[in-house]
Structure formats: structure tokens, C-alpha cells
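Just below is one structure, and these are the notes that go with it.
The values are calculated or read from the model by the stated rules, or taken from the named source; none is laboratory data. This one's a predicted model, so the numbers in the text were calculated from it and none came from an experiment. Glycine also receives a Cβ, built like all others from the backbone with ideal geometry; neighbour counts cover every protein chain displayed. The protein model used for the area step is the full one, side chains on, heavy atoms only, and it has no ligands, DNA or RNA in it. Shrake-Rupley method; radii C 1.70, N 1.55, O 1.52, S 1.80 Å.
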Amino acid sequence: MSTRPDANPELKLVFDEPPQRKKAPKHLADLSPADRKIWAKELGLQPFRASQVATHYFSHLSNNPEEWTDIPAAERQSIADALTPKLIQLVTSRTTDNGMTRKDLWKLHDGVLVESVLMRYTDRVTVCISSQAGCGMNCPFCATGQAGLTRNLTAGEITEQIVAAARACANGELPGGEARLSNIVFMGMGEPLANYNAVVRTLRNITDPNPDGLGISARSVTVSTVGLVNGIEKLMDEGINCTLAVSLHTPDDELRDSLVPINSRFNVREVLAAADAYEKKTGRRYSIEYALIRDINDQSWRADLLGRLLKSRNAHVNLIPLNPTPGSKWTASRREDEEEFVRILENYGVPVTVRDTRGREIDGACGQLAAAEKSK
Ligand code: SAH
């Protein structure tokens, strides 16, 4: 259990929802399987219609009610519209890496824009999804953070990005033919743990077996957070056991206070303690995300401090060469400094990888998602 007093009113702010304008239409993905049935009944449908539609949605990835032959033809469209309203509408798709990376821009019911990125590798297909429109965490090196938070996405809106990706894979839209969506990372726009309930509902939609959900293994799902300690502590009790990634970016509080401003509320020691507790409870090794910024956080003494902090922890370091955002004074580290950083961590026995920069050319790499079409 947390020793952090939740009574502290300041802490609550982190979970406060921004003011919602008109609510997104309700979707079966917003609800638990039991509540979907209750809702169907409220709509005057037979409760089993909810499971039938969930089967078409999650198991068959079908968005064509004409194929839903277990539902009377005359009712298919209206039932589909009621339980699975279209929540995201494709505005543009941009591809790179010979089509293996695709960034989709989606418009939500109120005109708000969000992005997701689909990436095919030899052994897997990963979708990087948005959990909020914008982000309130204000990390100065991240494009999404610059415009602030527009609003939380609903579970339906987050799930729709994933189902759309799974459908694109199943339809063979990526070069290499039909594929199965294998991995989901909450590394698009937004801070997932600041939109906790919708994210947890989405995690269940991903991991629940067909037909209640997509039946994707929790090990293949990564929730990346700035380190909202109370969110991490709640998540470990959900029994979902997805992979946790913590955006640390520096081992010292002094610099982290400016790189990840929420550090003034949850510092390095507290964030790592929460990640350790998550690891103990779930048995899942966690990742430390570290964007290497030239002459800012890439000094060998910081690698040394990070190595000492992590050497006895069950963590893996993901170094991300900084993707400079427009107007930023910062840039990626020199090759030799990056190599030295890796070498120092390895000397401590800390597992470390350098993240590829897929999608850079289409502003689809880490920290670049900003729904730029807005300003056109
Ligand atoms: N809010 C979550 C998810 C954000 S995106 C979080 O902070 O973890 C996923 C990762 O990309 C985070 O580690 C984030 O810090 C990193 N990132 C953001 N901007 C970046 C940039 N310009 N270059 C490289 N990585 C960046």
C-alpha cells in the first residue's frame, strides 16, 4: 500500500479531468462486458446483442454491419450505430520506411485531433496510441507538451485507435501482407496515468480474451508515464500486469525538475520506489525511458549516477536519441557521447538499448506527435 497520503489535496489535481465540452458518444468499449449488457437493455435491445456486437468488434474487427449475419438485417445498422458509433475519423495517413511506418491523424467527434503510429518490424507490429489530446505535463523537449492539454480521450476513443490498427494489419494494409497487431504502446500524445480510468478500461479491452476484448497479452502492452506515483500504485493493483515504462530522462532531481516538471511533486527516488513496487507486485521488469539531449543530460557522470541507481533494480534502459521539436534549442547527443553512455550503463550490468527513430521523417517519432494539421 502507498504511504503517500492521498489526503493531500495537491495530489488529487493530477487526476482531475479538464473541463469536457460535449461528451463523446458512448461506445461499448467504454464499458465492462457486464455493463455493456445492461446498457443494451437500457437501449431497448436484448442484452445478448452486446456480446454479439463485441464479437464483431473485437474478434472479427468488423466495421461492416452487413456482415453481422447473427443480427436481423433490418436492425444491423441501427444496433451498430448505437453500440459502436464511429468515434475517430481518419483525416490523413503519412507513411515512411517503405510503408512500414504509418502515422494516422484522427478527428474526434468535437473536431479535436490526435495521432497514432503503426510500425511493422520483422517480428512484430506495434501501434503507438494517444491517451489524451495534448498533454498537461509540460516537458519542454516534447512537442505534445507545448500546446498543453486539450482533453482526456474516452476509453472508446483510445480503443478505436487500437482496433483501427488491428484492422489495418488484418486487412494487409502494410507491406508484407496480412499481419496481427502484436504490441501496443501508450507513447503517443498524452500522459496515460492522468487519464487513469479510461486507460485502465482500454487495457482491459486489449487484454480481455475474445469476444470481450482483443486478447492481446499484457506483456505486449507498455504504459509509459512521466512517473505519476499514485497512478503507478493504483495500476499495480488492477491485476493487468502490463509493462511499465518510466520517463526518467535524468537521475538527478535538479535537472529533472526542469525536464519533467511533475518531478517537483514526485521526485526520482519516489518514482523509482513506485516502479520497484510495481515490479515486485507484477513480476514485470520495467523500462526507464531516457531521451539523450546533447550537453543537457548525456554527461558520463549522469550515466554513472544512473548506473548506480539502477544496478540492483529489475529495470531496462531505453535510450531515445532526442527528436528535436520545432524551435527547440536542444538536439540529439553526439554519437560518441551516446556510445559512452551505453558503455557506462553496461559496466554496471544495466540492460540498455538505443531506441530506433522510426517515423522521424513524418513527425511520427517519440515526442513529435502534435497534430500539426490543426494550424493549417
Ligand atoms: N506521457 C508519457 C508518454 C509520452 S511519449 C511519458 O511521458 O512517458 C513516450 C516517450 O517519448 C516518453 O519517454 C517521452 O519523454 C519521450 N519523448 C518526448 N519527447 C521526445 C523527444 N522530443 N525526443 C525523444 N523522446 C521524447
What ³J(HN,Hα) values, in whole Hz, does the Karplus curve 6.51 cos²θ - 1.76 cosθ + 1.60 give for region 197-206 when θ = phi - 60°, with x put for Gly and Pro?
-> 5, 5, 5, 5, 4, 5, 4, 6, 4, 6
Mean separation of Cα pairs under 8 Å and 6+ residues apart, divided by the residue count of the chain: what relative contact order is that in percent?
-> 15
Which ³J(HN,Hα) values in Hz, rounded to whole numbers, follow from the phi angles of region 271-288 under the Karplus curve 6.51 cos²θ - 1.76 cosθ + 1.60, where θ = phi - 60° and Gly and Pro get x?
-> 5, 5, 5, 5, 5, 4, 5, 4, 5, 5, 6, 9, x, 9, 4, 9, 10, 10
In sequence order, what are the phi-derived ³J(HN,Hα) couplings for region 222-231 according to the Karplus relation 6.51 cos²θ - 1.76 cosθ + 1.60 with θ = phi - 60°, rounded to whole Hz, with x for glycine and proline?
-> 10, 9, 9, 9, 5, x, 7, 4, 5, x
In Å and from the alpha-carbon atoms only, list the Rg and Dmax of region 86-374.
-> 18.0, 51
Distance between Cα centroids, region 312-376 to region 133-186: provide it in whole Å.
-> 19
Region 86-374 - accessible surface per residue (Å², probe 1.4 Å) | 38
Give me the angle, in degrees from 0 to 90, between the Cα long axis of helix 300-310 and the longest principal axis of the Cα atoms of the chain, rounded to the nearest 10.
-> 60
Would you list, by chain and number, the aspartates and glutamates whose Cα falls below 12 Å from the Cα of Lys311, excluding same-chain residues fewer than 8 positions away?
-> Glu346
What angle do you read, to the nearest 10 degrees and between 0 and 90, between the alpha-carbon axis of helix 335-347 and the longest principal axis of the chain?
-> 90
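Can you check what the net charge comes to around Asp253, using other residues whose Cβ is under 14 Å from the Cβ of Asp253 (Lys, Arg +1; Asp, Glu -1)? Walk me through the numbers on the way to the answer.
Working: positive: Arg256, Arg265, Arg269, Arg302; negative: Asp252, Glu254, Asp257, Glu270.
Around Asp253, the charge tally is 0.
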Angle, helix 33-42 long axis vs. longest principal axis of the chain, Cα atoms, 0 to 90°, nearest 10?
-> 40
Regarding region 135-278, what are the three Cα extents along the principal axes, ordered largest first, in Å?
-> 49, 32, 27
Cut-off under 5 Å, modelled amide H: who pairs with Val352 long-range | Val317
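Of the accessible area of the chain, with the probe set at 1.4 angstrom, what percent is carbon plus sulfur?
Answer for the chain: carbon and sulfur cover 49 percent of the accessible area.
Give me the dipole magnitude in Debye, nearest 20, for the chain about the Cα centre, with unit charges on the beta carbon: positive for Lys and Arg, negative for Asp and Glu. It would help to have the intermediate numbers written out before the result.
Working: 46 positive and 48 negative charges, 67 e Å.
Dipole of the chain, to the nearest 20 debye: 320 debye.
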Based on DSSP H runs of at least 4 residues, each adding -39500 (n - 2.57), what is the mean residue ellipticity at 222 nm of the chain after dividing by all its residues, to the nearest 500 deg cm²/dmol?
-> -9000 deg cm²/dmol
Per 10 angstrom bin, beginning at 0 and ending with the bin that holds the maximum distance, the Cα pairs of region 262-376 fall in percents of 13, 38, 34, 13, 2
Under the Kirkwood approximation for Rh and a Cα-based Rg, what ratio Rg/Rh is obtained for region 26-85?
-> 0.91
Which entries of Lys23/Lys86; Lys107/Lys234; Lys26/Lys103; Lys37/Lys234; Lys22/Lys107; Lys86/Lys107 show an alpha-carbon separation above 21 angstrom in the structure shown?
-> Lys107/Lys234; Lys26/Lys103; Lys37/Lys234
